[in-house]
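The values are calculated or read from the model by the stated rules, or taken from the named source; none is laboratory data. On a predicted model such as this, the values are computed, not experimentally measured, just so you know. Methodologically, a virtual Cβ is constructed for each residue, glycine included, from the backbone with ideal geometry; neighbour enumeration extends over all protein chains shown.
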Amino acid sequence: MENIEIFDSPGKGRGLRATKEMWAGDVIFAEPSLAAVVFDSLAEKICHSCFRRQPKLQRCGQCKFAHYCDRTCQRAGWAEHREECSAIKAFGKAPNESIRLVARVMWRLDKEGSVVSDMQLTTLEELEDHVTDMPEDELKELKVDIHNFLDYWPRTNKQHTVDDISHLFGVVNCNGFTISDQRGLQAVGVGIFPNLCLVNHDCWPNCTVILNHGNQSAVNSMFHSQRRIELRALGKISEGEELTVAYVDFLNLTEERQRQLKTQYFFDCTCEHCKNHIKDDLKLAGREIDGVKPSEEQVKEATDHCYKMLEKMDKARLNGDYHEVVTTCRECIEKTEPILADTHIYLLRMWSTLSEVQAYLQFFEDAAEYARKMVDGYMKLYHPNNAALGMAAMRAGVTHWQNGLIEVGHGMICKAYAILMVTHGPTHPITKDLEEMRMQTEMELRMFKQNEYVYHSMREAALKNRPMTMMNEPKSVEEGIKNLFHRKK
Ligand SMILES: [Zn+2]
Ligand SMILES: [Zn+2]
Ligand SMILES: [Zn+2]
């Protein structure tokens, strides 16, 4: 760790800073998880060792709870499942994910001591638990968890004080990092990465963090190597500059970000973007047409209408009623699009949802149009290397391509590729997919310019053979991976 050091960040406590200059896409550090667990709700759908989603998993014959891709994954995961396996059997069932995670951490620390690798910059004892900041209802839940933990923890294992157990629950609660599936599209579990816990928040950060599952063969050869996060630089970082990541999505107003940070992470953000309310005006702006702006009242009315329709749409989406989603979005967009700017965050959510659902329903023309609008808006709001912007550009690129708009499609895919090379790196599966799409669309574009007829017939064939991996069923409301750390709801 010769490129970073711990320091006292004014007003924030401990933090990390650069000890030498860094550039966009640099991996500042990579860190394997100290421990991680699959969410309760996905225990049968995600491998408990490599955290990949697989259509068919094998169950641990002993506890009948853990699931694995195959024998290799099971063997690789045995060191961290051994104690858990017999504890689950003795307890009669698997306890919830927080208890399972705290127990996995405890077993590992009991075995290896509080520093498990020479790269680890902090022990978990040194991290804050914020237990005293917890509101009444969370404290009550904590007590129940501790009670169950004590029942679950084997009598024959090393015993810990309630204070130590409570501290670990607190640490896991505010530092548990959300683990995504291998494509980075769905949150599937939660893990602890001690060094990452030292990186403070900024609403306009200079770093991003990405989970990289690596390739399958590397996974199996090295224990624990599978759940590795990388802290990557988003742009130039000077020597001595603090390293920061965003714990919450910038596509919220300052007030809303502050509220989320306070309730979930117990601090008041004093970053430049919060202090100066930067871009808040754009996020609720009216649309200027030929130099004429709508009145404040019109904008407010359209904003309120949009908000109400978003609630209605979320409900329909939750019920899987996609035609209702489309009708609601369309109506709302028709009414508010002439009044609201393309950076208005409610309108952006409408476009985003409509394009996602239309792509799923295979109406690519609509999907492409709204995805492009969404990307145009995002570009005015997000940091140019923001990962969410990259993912949005990818979605827009794919839908344009599917709709036969090869030139725009190729451009968007190139843009997405450039961003993801910084935020995800060249070995991430999504970057690799993008590279493949970039080459494919480049070739098609060349062909299109030479002979349109040949191009169209070839495109049909190419699209038929390629499953559009991006066009998953629309996710239920905001279950995406917008927030860095996982908090129990
Ligand atoms: Zn696996
Ligand atoms: Zn088992
Ligand atoms: Zn802030």
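Results, tabulated for the structure shown:
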| item | result |
| --- | --- |
| Selected residue [touching a Gly at 6+ places or on another chain (Cβ under 6 Å) and either modelled with pLDDT of 90 or more or surrounded by fewer than 20 Cβ atoms within 10 Å (Cβ to Cβ) (or both)] from 220, 200 | 200 |
| Filter result for residue 164 (closer than 16 Å to residue 110 by Cβ, among the acidic types (Asp, Glu) and either surrounded by fewer than 17 Cβ atoms within 10 Å (Cβ to Cβ) or in the same structural domain as residue 424 (by TED's automatic domain parsing) (or both)) | yes |
| Residue within the range 23-30 that is over 21 Å from residue 230 (Cβ atoms) and either assigned by TED's automatic domain parsing to the domain that holds residue 172 or in contact with a strand residue (DSSP E or B) (Cβ under 7 Å, 6 or more places away or on another chain) (or both) present | no |
| Pair list, Cβ under 6 Å, 6 or more apart: the range 172-191 residue under 16 Å from residue 96 (Cα atoms), other residue crowded, with 22+ Cβ neighbours inside 10 Å and basic (Lys, Arg) | 191/227 |
| Any hit, the range 256-267, residues being part of a loop (DSSP other than H, G, I, E, B), at pLDDT below 95, within 26 Å of the chain's Cα centre (by Cα) and within 17 Å of residue 12 (Cα to Cα) | yes |
| Residues (within 13 Å of ligand 2 (Cβ to nearest atom) and either farther than 21 Å from residue 91 by Cβ or not assigned by TED's automatic domain parsing to the domain that holds residue 112 (or both)) located in the range 58-72 | 58 |
| Selection count where residues are of a type in the set (Phe, Trp, Tyr) and exposed (fewer than 14 other Cβ atoms within 10 Å of the Cβ), scope the range 131-158 | 0 |
| Residue within the range 227-234 that is under 16 Å from the mean Cα position of the chain (by Cα), modelled with pLDDT under 95 and more than 29 Å from residue 11 (Cα to Cα) present | yes |
| Tabulated pairs, the range 306-321, first closer than 12 Å to residue 332 by Cα, second of a type in the set (S, T, N, Q), C-beta under 6 angstrom, 6+ apart or interchain | 306/336; 309/328; 312/328; 313/328 |
| Residue satisfying condition, being under 20 Å from residue 177 (Cα atoms) and touching a Pro at 6+ places or on another chain (Cβ under 8 Å), within set 124, 142, 101 | 124 |
| Subset of the range 332-365 that is of a type in the set (Val, Ile, Thr) and not in a helix (DSSP H, G or I) - its residue that is farthest from residue 284 (Cα to Cα) | 339 |
| Condition broken by residue 98, with the remaining ones in (1) of a type outside the set (Lys, Arg); (2) within 16 Å of ligand 2 (Cβ to nearest atom); (3) touching a residue at least 24 places away in the same chain (Cβ under 8 Å) satisfied | (2) |
| Qualifying residue in the range 81-95 (condition: within 17 Å of residue 227 (Cβ to Cβ), surrounded by 21 or more Cβ atoms within 10 Å (Cβ to Cβ) and within 15 Å of ligand 1 (Cβ to nearest atom)) | yes |
| Strands (runs of 3 or more DSSP E) contained in the range 5-52 and holding at least 2 residues over 21 Å from the mean Cα position of the chain (by Cα), of a type in the set (D, E, K, R) and crowded, with 18+ Cβ neighbours inside 10 Å | none |
| Tally of residues being out of contact with any Ser or Thr (no Cβ under 6 Å at 6 or more places or on another chain) and near ligand 1 (Cβ under 8 Å from one of its atoms) across the range 58-71 | 2 |
| Residue within the range 276-293 that is surrounded by fewer than 19 Cβ atoms within 10 Å (Cβ to Cβ), within 24 Å of the chain's Cα centre (by Cα) and not basic (Lys, Arg) present | yes |
| Cβ-Cβ under 9 Å pairs, at least 6 apart or on other chains, the range 52-65 side farther than 24 Å from residue 178 by Cβ, far side assigned to a loop (DSSP other than H, G, I, E, B) and more than 11 Å from ligand 2 (Cβ to nearest atom) | 56/69; 58/69; 58/70; 59/44 |
| Members of the range 103-130 that are under 28 Å from the mean Cα position of the chain (by Cα) and farther than 16 Å from residue 197 by Cα | 103, 104, 106, 107, 108, 109, 118 |
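Okay, residues lined up against (1) out of contact with any helix residue (DSSP H, G or I) (no Cβ under 6 Å at 6 or more places or on another chain); (2) closer than 30 Å to residue 9 by Cα; (3) not assigned by TED's automatic domain parsing to the domain that holds residue 377:
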residue	(1), (2), (3)
271	yes, yes, yes
288	yes, no, no
309	no, no, no
318	yes, no, no
322	no, no, no
325	no, no, no
336	no, no, no
351	no, no, no
